[in-house]
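Notes follow once the structure below has been shown.
Each reported figure results from applying straightforward, stated rules to the coordinates on display, with no laboratory input. All of these numbers come straight from a predicted model, not from anything done at the bench. With ideal geometry, Cβ positions are generated from the backbone for all residues, glycine too; neighbour counts draw on all protein chains shown.
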Amino acid sequence: MMLKINLLPYRPARRVAKVNQLFMIWGIVAILGLVAAFLTHKAIEDHIAGMRAQQSNLEAQLKKIDEELGEISRIREMKALIKQRLDLIAQLSGKRDISLRVLDALSLTIPEKAWLTKITTRQDTLELTGKASSNALVADFMRALEASPHLSKVDLTRVARQAKEELDVKEFTITAHIDPPEVKDPKAEEGKK
């Protein structure tokens with residue numbers, strides 16, 4: 001039996017093997033680090049692209065909502081204008097036959113021994129000039145006018161005795177405020193139903 005002796009230096013070979021092994025581990029770690037960095041970068045880019053797509057989608061929705069809000073504000077303006085016109089029409093239709101109502105009220109309230117010689121209207125003021133046989137008839141006429149639903153603030157402006165005639169005739173001037181009829185609010189009537 002023979003002994004074999006290795007005279008080659010084994011330590012430097014072991015050292016070289018360890019260095020090669022270390023370089024291989026570092027290379028693998030570097031490659032894994034680069035792959036991880038690449039995957040992280042790709043994931044962040046994908047996330048940013050998704051956020052940008054979501055942002056553009058939200059901006060498109062916001063633009064659409066702004067257009068709808070603009071349309072809603074135009075509709076509200078038109079609604080207010082239409083309501084204003086309808087109120088004006090209702091007011092005018094209520095005033096349309098006010099002169100007939102006032103003349104009807106005058107014909108029903110004037111006493112027998114009194115007559116009107118002049119009827120004048122200025123905006124919402126009615127001025128009546130007439131003659132009566134006594135002051136009591138003028139007072140009765142004023143009370144009857146005050147009781148009318150179409151007139152208010154009845155005021156005797158002038159009463160004087162007519163000197164030219166033999167009869168004792170009183171000449172009078174009465175002013176009154178014409179009350180417009182109440183316009184019924186359709187919304188209030190709907191609420192009652």
Which residues qualify? For Asp179, with a placed amide H closer than 5 Å and at least 5 residues away or on another chain, they are Leu151, Ser152
Angle between the Cα long axis of helix 135-147 and the longest principal axis of the chain, 0 to 90 degrees, nearest 10?
20 degrees
Using a/c under 1.5 as the rounded threshold, could you call the stretch 12-96 rounded, prolate or oblate? The axes a ≥ b ≥ c are square roots of the C-alpha gyration tensor eigenvalues, and prolate needs a/b larger than b/c, oblate otherwise.
prolate
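Any chance you could count the Lys pairs in the stretch 1-136 whose alpha carbons are under 22 Å apart, treating pairs 8 or more apart or on different chains as valid? Working shown, then result.
On the way: Lys83/Lys95; Lys95/Lys118; Lys113/Lys131; Lys118/Lys131.
Here the count comes out as 4.
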Extending each Cα 7 Å along its Cβ direction at Trp26 and Lys79, get the distance between those two points in nm, one decimal.
7.7 nm
Asserting the computed 222 nm helical MRE of the chain (DSSP H runs at least 4 long, -39500 (n - 2.57) per run, divided by residue count, to nearest 500) equals -22500 deg cm²/dmol
